[in-house]
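So the structure is just underneath, and the comments pick up after that.
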Amino acid sequence: MNNADKLARRLKEARAAYYGSGESLISDAEFDSLEEELHRLEPEHPYFSSVGFGGEGKKIRHRVPMLSMGKAKKLEDVEKWLLRLNLPEGSVITVQPKVDGLSASLFYQKGQLKYAATRGDGEVGQDVSHILSYMEDIPRELSFTEEPVEIRGELYLPKNTQFDTGGKPLRNNCVGLINRKEDRADVRYVKFLAYQIVWPSAESSGGNTPPAEDLARFPELASESGKITLLRKQGFTTFETFTAGAADNPASSPSGSPEDNPADSPADNPAGSPADRAAGNPAGGPADSPADSPADRAANRAANSPANSPANSPANSLAGTDTPQQIWLQNIGSIYTRYVEQLRDEWNFETDGLIILVDNNSLHNEIDRRWVVDHHHHYALAFKPPAQSLRTRLEKVVWQVSRQGNLTPVAVFQPIYLGGATLERASLHNAENIRRLKLARGDSILVERANDVIPYVRENPAGKDRPDNFTDAALWPDFCPSCGTRVVENGVNLACPNALCRSRVLQSILFWVRQAGVEQVALKTLEALYDAGKLRNVRDLYTLTEKDFDGMEGFGAKKISNFLEQTASAKSMSAVELISRLGIPMVQKKSLARLGITSLNDFRSFNDPSYIIGERIIEWKAEKGNMEFLDELLQVVDIQEELTLKESRGTVCLTGKAPMGRKELTGMLEKRGWSVAGTVTRETVLLVCDNPAGSSTKLKKAREAAIPIRTYADFLKEEGIGAE
């Protein structure tokens, strides 16, 4: 696995957790940074052709793919996007909230509601039709079209929900309610906010072009803002939209009309009760915690002011200009400022930015034809907000042990309500960061949460007046919190040197199952097996039987069966895959190939310290017990021969609708020796599509490069796929 593949795997794991269970494994900023790094390493990596997460349960293939969004972190990014579009006279730009919920699609046929599905991986979603019987805000009939149509929007929990969230983020709770297997009545607390109408018959234009008959009867369908108005008239909950101006009217100012938007009406109490507002809690969340002193509240207001986000300031490049693009930019900047200072607190739903889009539907297809449309459409852009921060009092620091033995510090502080959740903990990353911040118990710290992600400690004002060598001994451990071994210094970290430490063992086993692609085995399950004396290393995973679970609480027959099936599925692998999963620092499949390690014999005999990776391998082999562990592992796993590069059949690119899920098909083709890519490159030897006569960018590139083009039907028949 090369660096790009490793990054893609980490990003996919984060997406799987976010879309599958509502959990955030990494911060939004870190996620974006990793995506940027992956794009730098390999701009055409297949990762960029996928979105979302497949999830479990019955699958529904979207008639028109539900793509992701292009991102802008600062106003300059928006400016580049506008200049790149070079919109014609008469174009209109609108701005909408980016609702932070679970994206979903409602399918109607002949005006009747048929089913509901989540976005999933963008092509195939999860059937969640069971929620419809509990939700009263979803119309069962449409009156504006008889054509098959999708109403897309966001499933969410309102800020003023009566459901007991347990202090966890609203989005996490929403996902949990939708995925419940039992006691589903609480789904009634989930709401649906509609923002898009898609016609499957217009797939070539992204589904945005309405049939001529519908457009003649409802002219508002010609624009995205008009569709919002029509959806509202049909009985859907919608949101406030803003016009950033039109190309033929550069004097246009930002405008919005929330009066008719059910999601923004006083009945939904977007700003909370008068008592809430008086308490400085406009979202209707928990009242001020003990951490919220007057001084803290003043500091919090200053920390979250747009003035403290210079990268997003609209004043950087606008002075003295009056082109349509600059007028749009000025108005978008004004809307953004209002969003940060007022709207994101007042709206009755959580948001993670704004959506900026070309309002004219007639332009969408023309815009998308200029570039490849794999990951996102080019006529819309997500403008991310700055992180939200609050001050609170540090109470203590707890330490968590990684598989390498490093101790990660976590700040524990007085509860604060931030980003739709009650927070009591935030990452401090490593021991050196505690020294840098010069932390002490009782300090007033600034905790930051960028959207619905893992919070971290951004600042400690009290530390600025302390000497460089300051430490609060009460925050620092002398012994490992898991096994009691005395800790040692390891670079910027404290570390536990005990290889048999409970936490190290469990984290190593968890690392193994994740590297092997087993996503459903939870840490709590491994902990229970460890504490019962059934699990001490990876080898034990493959020797467990149903009998080993006798007498263990919380393990029913189905859970035991699923666990054993999952671990058995990760039993077969190549020698290189096995070595890359041993947890040796920096060692991946690609780095092994560079060192000439293609077999277990190569690994055993390797002794070249010329490269740092080589040093790590030598160190791992020399560490007591490691080679014995490998020998034990080889007794229970099945090693398969791996295709060499000469045996590889080349790179195939897939486009259009396949007769099965893209992820499933990719796996089948890779087993047959194909490399699967999301775009046409110089390495592509074959393009497989649903319609060889189409006009997609991939088809055009393939024709220009004289790359063979096959239909899915012919290609899969030749490969024996579908008959399995």
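In this simple spin-label model, placing a label point 7 Å from the Cα along the Cα-to-Cβ direction at both Asp183 and Lys571 gives a separation of 3.7 nm.
Positive-end ranking of Val652, Phe603, Leu669 along the dipole of segment 583-688, with charges on Cβ about the Cα centre, is headed by Val652. With a Förster radius of 22 Å applied to the C-beta separation of Ala474 and Arg502, the computed FRET efficiency comes to 0.35.
Give, in nm to one decimal, the length gained when the segment between Arg338 and Ala462 is fully stretched (0.36 nm per residue of separation minus the Cα-Cα distance). Could you put the intermediate results ahead of the total?
Details: separation 124, 0.36 × 124 = 44.64 nm, distance 3.17 nm.
Separation in residues times 0.36 nm, less the Cα-Cα distance, equals 41.5 nm.
When the charge dipole of segment 388-466 is built from unit charges on Cβ atoms (+1 for Lys and Arg, -1 for Asp and Glu) and taken about the Cα centre, the candidate among Gly405, Ser444, Ser389 whose Cα reaches farthest toward its positive end is Gly405.
Taking neighbour counts of Cβ atoms within 10 Å as a proxy for exposure, in what order, fewest first, do Ile613, Ile151, Ile356 appear?
Numbers: Ile613 20, Ile151 24, Ile356 27.
Sorted ascending by nearby Cβ count, the order is Ile613, Ile151, Ile356.
Pairs with C-alpha atoms separated by more than 28 Å, drawn from the list Lys396/Lys464; Lys384/Lys671; Lys58/Lys671, are Lys384/Lys671. Looking at segment 133-165, the trypsin sites (Lys or Arg not before Pro) that sit in a DSSP loop and have at most 11 other Cβ atoms within 10 Å of their own Cβ are Arg140. Taking the Cα centre of segment 650-719 as origin and assigning +1 to Lys and Arg Cβ atoms and -1 to Asp and Glu Cβ atoms, the resulting dipole is close to 180 debye. Here's the list of lysines a cross-link from Lys110 could span, going by alpha-carbon distance under 21 Å and ignoring same-chain residues fewer than 8 apart: Lys227, Lys233. Evaluated with a Cβ-only charge set (Lys, Arg +1; Asp, Glu -1), segment 397-463 carries a dipole of roughly 200 debye about its Cα centre, given to the nearest 20. To make sure I understand the rule: partners must be lysines, Cα under 27 Å from the Cα of Lys700, and not fewer than 8 residues away in the same chain. Which ones qualify? Filter leaves Lys71, Lys80, Lys657, Lys663, Lys717. Note on segment 388-466: Kirkwood radius taken over Cα pairs, Stokes-Einstein applied at 25 °C and 0.890 mPa s, translational D equal to 193 µm² s⁻¹.
Taking 0.36 nm per intervening residue step and subtracting the Cα-Cα distance, what contour gain separates Thr651 from Lys547 on full extension? Each step should come with its number before you reach the end.
Values: separation 104, 0.36 × 104 = 37.44 nm, distance 4.59 nm.
The span from Thr651 to Lys547 would gain 32.8 nm if fully extended.
The calculated Kirkwood hydrodynamic radius for segment 98-157 is 12.0 Å, given to one decimal from all distinct C-alpha pairs.
Across segment 215-228, computed HN-Hα scalar couplings (Karplus, 6.51 cos²θ - 1.76 cosθ + 1.60, θ = phi - 60°) run 5, 5, 7, 10, x, 5, 5, 6, 9, 5, 5, x, 4, 4 Hz from first to last residue, x flagging Gly and Pro. Take the Cα of Glu432, step 7 Å toward its Cβ, do the same at Asn626, and the gap between the two points is 2.3 nm. Its residue count N sets the reference 2.2 N^0.38 Å, and the alpha-carbon radius of gyration of segment 127-241 equals 1.20 times that reference. Using the average count of surrounding beta-carbon atoms within 10 Å as a protection proxy, the listed peptides 707-718, 464-475, 69-80 rank, highest first, as 69-80, 707-718, 464-475. Full extension of the chain segment joining Tyr611 with Gln162 gains 155.8 nm, where the gain is 0.36 nm per residue of separation less the Cα-Cα distance. For segment 559-633, the Cβ-based charge dipole about the Cα centre amounts to some 260 debye (Lys, Arg positive; Asp, Glu negative; other atoms uncharged).
Read the figures in this text as sums done on the coordinates, not as results from a lab. For clarity, every value in this text was computed on a predicted model and none was experimentally measured. Here the Cβ is made from the backbone with ideal geometry for all residues, glycine too, and neighbour counts use every protein chain on show.
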